[in-house]
Amino acid sequence: MTALQQTIKDDLKEAMKARQEVRMGALRMLMSSLLNAEKEKQRELGEEEIQSLIATEAKKRRESVETYEKAGRPELAEKEKEELDVFLKYLPEQLSEDVIRTLVKEAVADTQASSAQDMGKVMAALMPKVKGRADGALVGRIVKEALA
């Protein structure tokens, strides 16, 4: 068991003792996802794989928040936001939009991209630098703006 998994497990125990329903539910769901991924791969997950899985769960919550807000369901959106906050605790600090814009400018210069057709090249150069530390949709939007 990795240090991150142990931290999640310990936090789940704390949430259970404190009767924090939302946090407890989110951590149980996360532990379940980790267990399923380990069974699927038939081995223990590494730190990077675990963070990738947590990032996926966080992305699902962001999308759910948007959907619930559009549907006029603020109570469900709030619950998803709380779960998102739980997941973000286990991810590396997210990059600010300004830092992403700087990295995009560097990637555009490095790849000598000049049009929207070069977006794939820019993304390929950029994603290893921001993986796990920035939302891919946000990065894509900023790259499109830079190439427009």
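Readers should treat all values here as calculations from the given coordinates under stated rules, not as data from a laboratory. Just so you know, these numbers come straight off a predicted model, no measurement behind them. When we count neighbours, we look across all protein chains shown, and the Cβ atoms used for this are built from the backbone with ideal geometry, even at glycine.
Spin-label model, residue 2/residue 56: points 7 Å from Cα along the beta carbon direction are separated by 1.3 nm.
Short-range pairs are left out: with C-alpha atoms under 8 Å and at least six residues apart, the relative contact order of the chain is 20 percent. Averaging the sequence gap over all C-alpha pairs within less than 8 Å and six or more residues apart, then dividing by the number of residues, gives segment 97-147 a relative contact order of 47 percent. With all projection directions averaged, the alpha carbon convex hull of segment 3-88 covers 5.6 nm². Ordered by the number of other Cβ atoms lying within 10 Å of each residue's own Cβ, fewest first, 1, 119, 127 fall into the sequence 1, 127, 119. Think of each Lys and Arg Cβ as +1 and each Asp and Glu Cβ as -1; about the Cα centre, that makes the dipole of the chain roughly 220 debye.
Span-like helix check, the chain: qualifying full DSSP H segments, with Cα axial length of 20 Å or more and mean Kyte-Doolittle of -1.0 or more, are 3-18, 21-41, 74-88, 97-111. Using a simple spin-label model with pseudo-atoms 7 Å out from Cα toward Cβ, residue 129 and residue 39 lie 4.1 nm apart. Count Lys and Arg as plus one, Asp and Glu as minus one, and take only other residues whose Cβ is under 11 Å from that of residue 61; the net charge is then -2. With bins 10 Å wide beginning at 0, the percent of Cα pairs of segment 48-95 falling in each bin runs 29, 48, 20, 2. What is the sum of charges around residue 126, taking Lys and Arg as +1, Asp and Glu as -1, for the other residues whose C-beta is under 10 Å from the C-beta of residue 126? Summing Lys and Arg as +1 and Asp and Glu as -1 gives +1.
In the elastic network of the chain, a GNM with C-alpha springs shorter than 10 Å, the most mobile of 32, 64, 52 is 32. Built from the Cα atoms of the chain, the convex hull projects on average onto 10.7 nm², one quarter of its surface area.
How long are the three semi-axes of the equivalent ellipsoid of segment 73-148, in whole Å, if each is the root of 5 times an eigenvalue of the C-alpha gyration tensor, listed from largest down?
Output for segment 73-148: semi-axes of 29, 14, 9 Å.
Taking R0 as 30 Å, what's the FRET efficiency between residue 47 and residue 102 from their Cβ-Cβ distance, rounded to 0.05? Could the numbers behind the result be given before it?
On the way: r = 27 Å, r/R0 = 0.89.
Calculated value: 0.65.
Largest mean-square fluctuation among 58, 37, 18, in a Gaussian network model of the chain whose springs join Cα atoms under 10 Å apart, belongs to 18.
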